[in-house]
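Taking it in order: structure first as structure tokens, then the write-up.
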Amino acid sequence: MSNFYLKVQYIEKLCLFQLSWGKGQQLNVTIPYPQNLTILYQDWQRSYLNYYKNYKTQSVRGRIADSGVISTPPTDWQAKLVQAEAKFLLEFHKWLRCGELYEIRMALANVVGEKEKIETPAQSPQITNLFVTCNTIDLERFPWESWEIGTEFALSSGKIRIVRTPVNIHQGFAQKNTRLTRKVRVLAILGDETGLDFKAEKQAMRQFKNIIDVKFVGLQPETSIADLKTKIKDALTSESGWDILFFAGHSNENNITGGELSIAENVTLSISEIAPLLSIAIERGLQFAIFNSCNGLNIANSLIDLGLSQVAVMREPVHNAVAGEFLLHFLQALAEFKDVHEALLLASQYLKTEKNLTYPSAYLIPSLFRHPEAPLFKVEPFGIKQRLKKIIPTRKEAIALTALLLISLQIPVQNHLLGRRLWVQSFYRQLTGEAFYRQLTGEVANQNIPPVLLVQIDDESIKESKGLISNPRPMNRKYIASLVNQLTNEGAKIIGIDFVLDRHQPDNDKILAQAVKKGVSTSPNPTLFIFAGTESDAGVWQTVIPEIASSNWSLDGEIEILFCDTILRIPCYLTLLPSSSNNSKPFPFAGILALSHQLQSSTDNSSKDSKNKHQIPQPKLNSQSNFWQQINSHLNNNKHNTILGSPRSRLQPITDYSTIIAQMWLHPIIDFSIPPNQVYESIPAWKLLDKENKNLPLGNIQEQVVIIAPGGYDEAGMSMDKEDNFVLPPALDFWRLQQGDNSRIISGGEVHAYMVHHFLTQRLVIPIPDFWILGIAVLMGKYFYYLLRNNPRYRWEWLMLLSLLTVVYGIISLEIYISSLAILLPWFLPSATVWTYSLSGFFRRESHE
């Protein structure tokens with residue numbers, strides 16, 4: 001929106017036109033003032049007053065002196081008024097279109113024309129404001145608003161709006177919120193009603209009660225003049241403040257006092273009298289005043305001089321009926337969320353096009369005075385419906401939002417963002433320090449023992465086996481037996497074997513069976529064995545053969561690993577317990593290991609009390625019933641603090657149902673941002689069997705879960721090579737690089753170790769879907785969009801605030817992740833959504849300036 005400033009000065013039969021705009025540009029033109037223009041104006045004014053003085057029964061809102069002339073035959077004052085208006089406007093426009101003013105008109109037209117070239121059909125037309133200042137009241141009386149500058153240059157109508165501003169303004173404009181998103185508070189002062197009727201104004205105010213809260217103040221039959229003045233004073237200085245001051249009644253010009261308002265018969269208040277009260281009202285939020293009364297030029301100048309942002313007045317006496325029609329249509333435009341200038345123009349246009357036969361020349365009377373620095377007062381849409389309209393995206397926004405939502409549902413995108421996010425979490429853990437991490441997660445400060453001991457049969461172990469392992473698939477049972485014997489000799493209480501022993505090795509099965517039975521028969525603390533199992537493509541449960549171990553004294557668990565990406569095979573999600581204990585689905589291998597460890601710990605604690613000794617079932621070779629059923633029966637009859645009581649450990653319905661649309665909503669993830677040395681100790685199998693190695697970290701083996709697993713050799717797998725080797729997640733890659741380890745794979749045993757750790761520590765991180773958070777991001781984006789659109793002066797400050805909030809949100813999300821809440825709040829897509837909206841508002845405002 002561009003502003004031009006035109007100052008018109010009358011100096012000894014000449015008029016000086018001074019136009020200024022932009023960055024110091026200005027034009028000065030002096031032209032003769034046509035004296036017949038004053039005569040034509042006076043003829044028009046006389047015809048105007050006579051017409052409305054004789055119009056029906058109601059009078060004009062001003063004191064018109066009786067001419068004292070002897071009555072004459074009836075005159076057609078309407079015809080005379082129409083002719084006088086035509087003659088006056090013809091001469092007035094002829095003067096304004098003289099050749100000397102061409103350069104001024106061209107300067108205005110050039111700016112408007114340039115704007116029209118860059119406008120698109122979807123954009124609302126850009127308005128140019130022409131602020132007109134006149135140095136004499138005679139010039140001010142002229143209808144400058146009727147000057148149609150653009151028609152000479154074939155410009156669209158309404159592109160140049162003429163508004164008035166006083167010669168002198170002593171008070172600066174105080175910045176206020178000129179765009180209200182609530183009801184407008186209106187103080188309506190009803191003045192002297194002699195010969196008038198304010199019924200139309202009252203009805204109009206009440207008709208638009210959906211946007212207006214109005215308080216009427218006026219003389220009542222039982223009220224004295226002193227009480228009336230007190231009421232007016234108290235109302236103007238109300239603590240709650242007003243947005244609009246409305247006055248209806250008689251008023252008049254007075255150069256000395258700044259105008260007069262008739263509040264009762266023969267009682268007036270001058271603007272100078274109430275100036276201190278008006279100043280208080282302005283300080284408390286008064287932004288706009290409308291005087292539906294006569295001869296308001298002095299009043300408008302005085303109020304703008306006081307610092308009021310904008311004032312609408314009638315320059316001439318106005319008929320009571322015209323005043324009512326004008327206010328009704330002015331409020332109607334305001335209720336349609338037009339600014340006060342456009343509302344005044346629309347009301348005037350209505351009088352011209354719809355009521356000109358009834359109220360001729362009435363459209364020429366209203367004028368808007370405005371402080372040059374003040375934005376136009378306007379009511380913004382408000383209420384629940386309007387808030388919903390603001391939230392509802394536009395067509396372009398809906399397309400962008402739909403695209404973002406679809407992107408957020410794409411598994412490859414989710415996997416990439418999740419992998420990058422966990423990498424950031426790893427970096428953040430290192431940045432904040434391990435002690436800080438332990439404090440937030442509630443771990444004991446002196447607890448340095450990882451809960452898992454991982455014995456890995458790696459390539460070096462195969463080489464050191466001295467030919468015992470000629471073909472690693474299937475793994476030699478005799479070699480596994482030697483590991484079992486060594487571990488049970490060291491006192492291991494829980495051993496998980498991450499090999500599916502569903503096929504016979506006639507020469508070695510007995511050796512492994514003897515080693516396992518030896519561990520189970522150890523007294524007083526037998527070793528509990530958990531074997532790997534899985535479901536074949538044919539739906540058959542594959543687990544340890546009975547020749548090696550019996551289900552009456554051992555357990556098995558599903559070794560399935562859930563990937564982020566089944567093609568790249570990157571481990572991602574925790575394998576959860578079934579939704580209920582009655583579910584026939586097998587328990588996960590890691591879950592069985594963790595549960596066994598918790599029950600074993602309970603046994604150790606209860607062994608101190610002889611009455612409760614061996615309360616928890618222990619594996620016995622002579623058992624005749626299924627060992628898992630024994631444990632399950634015990635857990636149903638006794639309370640233990642185990643993973644079975646944790647909702648996060650179990651598959652939730654929302655997670656289960658989300659798989660229908662290929663999603664994993666709220667499914668806990670494997671937290672690879674935790675350094676591996678806090679999760680497990682790793683020992684190569686060959687070192688465990690090396691009798692000369694006396695420095696093995698086996699001092700805490702009784703408190704650890706032991707897993708015997710493949711260690712990354714190429715043949716690892718049930719049916720094909722590398723089946724048990726997976727792509728290294730970025731977060732774990734971060735820690736490996738810190739240790740100088742360049743391996744690019746993670747073995748299944750390491751994944752199970754992480755899952756056992758998570759079950760035991762209840763470190764079950766719930767990822768909140770991007771799809772869900774995008775809704776909140778849209779609301780935030782809309783909020784910043786409107787802030788930037790409505791506060792262009794502070795757009796850089798708002799962008800800096802948004803940048804700060806983005807960083808703060810990122811840090812908070814990182815903290816929430818590593819805290820006991822263990823929730824992963826998405827950052828990238830929601831932040832991108834907020835910034836998309838915000839930058840849209842930023843560049844839109846910038847392009848309009």
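The values are calculated or read from the model by the stated rules, or taken from the named source; none is laboratory data. Every value quoted in this text rests on a predicted model; they were computed, and no experiment measured them. FYI the Cβ positions are ideal-geometry reconstructions off the backbone, even for glycines, and counts take in every protein chain you see. The accessibility values were calculated without ligands, DNA or RNA, using every heavy atom of the protein model including side chains. Shrake-Rupley method; radii C 1.70, N 1.55, O 1.52, S 1.80 Å.
Using a basic spin-label model with each label point 7 Å from the Cα along Cα→Cβ, how many nm lie between Leu406 and Ser580?
Reported label-point gap for Leu406 and Ser580 is 4.0 nm.
Sequence-distant or interchain residues sharing an amide H contact under 5 Å with Cys564, placed H: which?
Distant-sequence amide H within range of Cys564: Ile570, Cys572, Tyr573.
From the phi angles alone, apply the Karplus equation (6.51, -1.76, 1.60; θ = phi - 60°) to the stretch 534-541 and give each ³J(HN,Hα) in whole Hz, x where the residue is Gly or Pro.
Rounded to whole hertz, the list is 7, 9, 6, 4, 8, x, 8, 6.
As an exercise, use a Förster radius of 41 Å and the Cβ-Cβ distance of His504 and Asp690 to find the FRET efficiency, rounded to the nearest 0.05.
0.85
Distance between the C-alpha centers of the stretch 255-300 and the stretch 723-767? Whole Å please.
78
Count the lysine pairs in the stretch 265-392 whose Cα atoms lie under 29 Å apart, taking only pairs 8 or more positions apart in sequence or on different chains.
10
In the stretch 305-384, if every C-alpha pair distance is counted and binned at 5 Å from zero, what percent goes to each bin?
Histogram of Cα-Cα distances, whole percents per bin: 3, 15, 25, 22, 16, 11, 6, 2, 0.
What spacing in nm lies between the two simple spin-label points modelled at Ile137 and Thr181, each 7 Å away from Cα in the Cβ direction?
About 4.4 nm, to one decimal.
Pick out, in residue order, every one of the GluC sites (Glu not before Pro) in the stretch 211-285 that is DSSP loop and has at most 16 other C-beta atoms within 10 Å; say none if there are none.
Those satisfying the criteria are Glu222, Glu239, Glu265.
Could you go through the stretch 316-325 in sequence order and give the Karplus-derived ³J(HN,Hα) for each residue, using 6.51 cos²θ - 1.76 cosθ + 1.60 with θ = phi - 60°, rounded to whole Hz, and x for Gly and Pro?
10, x, 10, 6, 4, 5, 5, 4, x, 4
Full-extension gain between Ser470 and Ile766, please, as 0.36 nm times their residue separation minus the C-alpha to C-alpha distance.
102.2 nm
Determine, from the Cβ-Cβ distance of Arg789 and Glu373 and an R0 of 22 Å, the FRET efficiency 1/(1 + (r/R0)^6), rounded to the nearest 0.05.
0.65
Count neighbours as other Cβ atoms within 10 Å of each site's Cβ, and list the trypsin sites (Lys or Arg not before Pro) in the stretch 646-702 that are DSSP loop with at most 11 such neighbours.
Answer in residue order: Lys691, Lys694.
Please identify every one of the trypsin sites (Lys or Arg not before Pro) in the stretch 716-759 that sits in a loop by DSSP and has no more than 14 other beta carbons within 10 Å of its own beta carbon.
Lys722, Arg744
Using 0.36 nm per residue, how much length does the chain from Ser820 to Ser625 gain when fully extended, once their Cα-Cα distance is taken away?
Computed gain between Ser820 and Ser625 is 66.2 nm.
Please work out how much length the chain gains when fully extended from Thr353 to Leu14, using 0.36 nm per residue of separation minus the C-alpha to C-alpha distance, in nm with one decimal.
Extra length from Thr353 to Leu14 when fully extended: 118.5 nm.
Calculate for the chain the 222 nm mean residue ellipticity that helices alone would give, adding -39,500 (n - 2.57) per DSSP H run of length 4 or more and normalising by residue count, nearest 500 deg cm²/dmol.
-13000 deg cm²/dmol
Please give, to one decimal in nm, the separation of the simple spin-label points placed at Asn632 and Gln738, each 7 Å out from Cα toward the Cβ.
Taking the simple label geometry, Asn632 and Gln738 are separated by 4.2 nm.
Mind listing the lone cysteines of the chain, meaning no other Cys beta-carbon sits under 4.7 Å from theirs?
Cysteines of the chain left without a disulfide-compatible partner: Cys15, Cys98, Cys134, Cys294.
Accessible area per residue, 1.4 Å probe, Å², for the stretch 666-811: what's the number?
43
If the only charges are +1 at each Lys and Arg Cβ and -1 at each Asp and Glu Cβ, what is the size of the charge dipole of the chain around the Cα centre, to the nearest 20 debye?
Charge dipole of the chain: 1040 debye, to the nearest 20.
Just to confirm the number: angle between the C-alpha axis of helix 395-408 and the first principal axis of the chain, 0 to 90 degrees, nearest 10?
10
Please pull out the direction-averaged projected area of the stretch 323-369, using the convex hull of its alpha-carbon atoms, in nm² to one decimal place.
Its Cα hull, projected and averaged over all orientations, spans 3.0 nm².
Using amide H atoms built 1.01 Å from N in the peptide plane, name the residues 5+ places from Ser270, or on other chains, whose amide H lies under 5 Å from its own.
For Ser270, whose amide H was placed from the backbone, the distant partners under 5 Å are Leu261.
Can you pull the accessible area of Val424 for me, 1.4 Å probe, Å² to the nearest 10?
Accessible area, nearest 10 Å²: 60 Å².
Measure off, as a whole percent, the carbon and sulfur share of the 1.4 Å-probe accessible area of the chain, all protein chains present.
Here it works out to 54 percent.
Identify, among Trp827, Thr223, Pro571, the residue whose Cα sits farthest towards the positive end of the charge dipole of the chain, taking +1 on the Cβ of Lys and Arg and -1 on the Cβ of Asp and Glu, with the dipole about the Cα centre.
Positive-end residue among those listed: Thr223.
Based on the Cβ-Cβ distance of Asp656 and Glu723, what FRET efficiency does E = 1/(1 + (r/R0)^6) give at R0 = 35 Å, to the nearest 0.05?
Plugging the Cβ-Cβ distance into 1/(1 + (r/R0)^6) gives 0.85.
Working from Cα positions, state the angle (0 to 90°, nearest 10) between the long axis of helix 589-606 and the longest principal axis of the chain.
Long axis of 589-606 versus the principal axis of the chain: about 70 degrees.
Would you mind checking which residues have amide H under 5 Å from Val184's amide H? H placed 1.01 Å from N; only 5 or more apart, or other chain.
Amide H neighbours of Val184, under 5 Å, 5+ apart: Ile212, Asp213.
For the stretch 197-242, what does the equivalent ellipsoid look like in terms of its semi-axes, each the square root of 5 times an eigenvalue of the Cα gyration tensor, given largest first in whole Å?
22, 17, 6
With equal scatterers on the alpha carbons only and no solvent term, can you work out the Debye log10 of I(q)/I(0) for the chain at 0.07, 0.08, 0.09, 0.11 1/Å?
-0.69, -0.77, -0.88, -1.19
Taking the DSSP beta bridges in the chain as the whole, what percent of them are antiparallel, to the nearest 5?
The antiparallel fraction comes to roughly 40 percent.
For the chain, find the longest principal axis of its Cα atoms and tell me its angle to the long axis of helix 411-432, 0 to 90°, nearest 10.
Its long axis makes an angle of about 80 degrees.
Using θ = phi - 60° and the Karplus relation 6.51 cos²θ - 1.76 cosθ + 1.60, list the HN-Hα couplings for the stretch 622-639 in order, rounded to whole Hz, with x at every Gly or Pro.
8, 5, 10, 10, 4, 5, 5, 5, 4, 5, 4, 5, 5, 5, 6, 9, 9, 8
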